[in-house]
1. If you scan segment 77-125, which residues turn out to be among the aliphatic types (A, V, I, L, M) and closer than 22 Å to Pro137 by Cα?
2. If I filter segment 232-249 for residues that are at pLDDT 90 or above and not in a helix (DSSP H, G or I), do I get at least one hit?
3. Suppose the filter is in a loop (DSSP other than H, G, I, E, B), surrounded by fewer than 17 Cβ atoms within 10 Å (Cβ to Cβ) and in contact with a Gly (Cβ under 9 Å, 6 or more places away or on another chain); does Glu165 pass it?
4. Do any helices (runs of 4 or more DSSP H) entirely within segment 72-145 hold 2 or more residues that are closer than 15 Å to Ile256 by Cα and open to solvent by less than 30 Å² (accessible area, probe 1.4 Å), and if so, which?
5. Does segment 230-257 hold any residues that are surrounded by fewer than 16 Cβ atoms within 10 Å (Cβ to Cβ), under 27 Å from Arg118 (Cα atoms) and not β-branched (Val, Ile, Thr), and which are they?
6. Could you grab me the full set of residues in segment 182-220 that are charged (D, E, K, R) and either in a loop (DSSP other than H, G, I, E, B) or more than 23 Å from the chain's Cα centre (by Cα) (or both)?
7. Tally up the residues in segment 168-181 that are open to solvent by 90 Å² or more (accessible area, probe 1.4 Å), outside any helix (DSSP H, G or I) and either farther than 22 Å from Glu207 by Cβ or at pLDDT 95 or above (or both), please.
8. Give the residues of segment 200-229 that are surrounded by fewer than 18 Cβ atoms within 10 Å (Cβ to Cβ), without any contact (Cβ under 8 Å) to a residue 24 or more places away in the chain and either β-branched (Val, Ile, Thr) or closer than 17 Å to Glu245 by Cβ (or both), sorted by residue number.
Amino acid sequence: MRIISFAILLIAFSCNEKTSKDFSSLDKDKKEELANWYDKMSNSFLQPSELHRRFKDSALLVQPNNVQTRQVLSYSYKKVGEHIKAMEVLNKAAEIDIENGKANVLQYRAWSLLYYYRDYEGVVRDVDLIEKITNNPYNSCWGEPCGLLKGQALYKLNEFRKAIETFEIVNLEEEKLGFEGNFLISFYMGRCYSELEEYDKAILYFEESMGSVKRFPEVYYQLGLIYRKLNSNEKANENFKLAKEYIRYSMNEPYIERFDEVFEYMIDDELKELQKTNYYKSTASKLSR
């Protein structure tokens, strides 16, 4: 009870500060000290909670240009499904960051726009701006190469040639850094060539993507689709079965759904279609004798 009462008193204090306190008289050090206190108190509560957001709001009243606080506040809104509000908060943080010649918030926003909002034009815009601000063709966007995000966005926009060019740049830059290869880049290059119906190149890139990830059901599934289109039903069947065998190693991640992630029902549907095709062929062959 004491902890709950203390929390209520803190919130009441926070609300009073928000409505009545004028922080303009405080010097820079005092503002920073008070903002840090509010920010620290916000972390005492679960990120999706209203209490967390109230203390973040109070910190921003003291330091309205603190982009880190704004960015973290956006997480809270996103986690409770208030995506429009989350993006409003994040956009303001990005605006401040850009004015300061920085791209940190843009790097997170590009990642969010791709995986949460499916705003592919926005991803391309943000990654291009990140490269302009940093004067660097290779940047990290929330743990992934920004170029990988841009390439995927172009792929989803059906700009397959541009996507391939973008992926090739990322590959080149990673080679300079001593990286051996990015299996996701190879996979999505394979997807681009597959959409362009350049199946020989698609197969090469899909096989390349398995250089470091052997149990890759999405690759086997895509190879199965290609071989089926090429009327190589035996190879198609073999790859679909491998996809099903390795389904538990899919591109499943706890917070996002990757493009072209494969699910077991999809593989089962393809195997059933192959069975039908083989049955009709066998029946037709017997009737023709």
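The values are calculated or read from the model by the stated rules, or taken from the named source; none is laboratory data. Note that the structure is a prediction, hence the values are computed from the model and not measured. In this analysis, Cβ positions are derived from the backbone assuming ideal geometry, glycine residues included, and neighbour counts consider all displayed protein chains. Protein only, heavy atoms only, side chains kept; ligands, DNA and RNA dropped before computing areas. Shrake-Rupley method; radii C 1.70, N 1.55, O 1.52, S 1.80 Å.
1. Ala94, Ile98, Ala103, Val105, Leu106, Ala110, Leu113, Leu114, Val123, Val124
2. So far as segment 232-249 goes, yes, one or more of its residues are at pLDDT 90 or above and not in a helix (DSSP H, G or I).
3. So Glu165 fails the test.
4. In segment 72-145, 104-115 are the helices (runs of 4 or more DSSP H) which contain 2 or more residues that are closer than 15 Å to Ile256 by Cα and open to solvent by less than 30 Å² (accessible area, probe 1.4 Å).
5. Arg248, Tyr249, Asn252, Glu253, Pro254, Tyr255, Glu257
6. Glu197, Glu198, Asp200, Lys201, Glu207, Lys214, Arg215
7. Number of matching residues: 1.
8. Passing the criteria: only Lys214.
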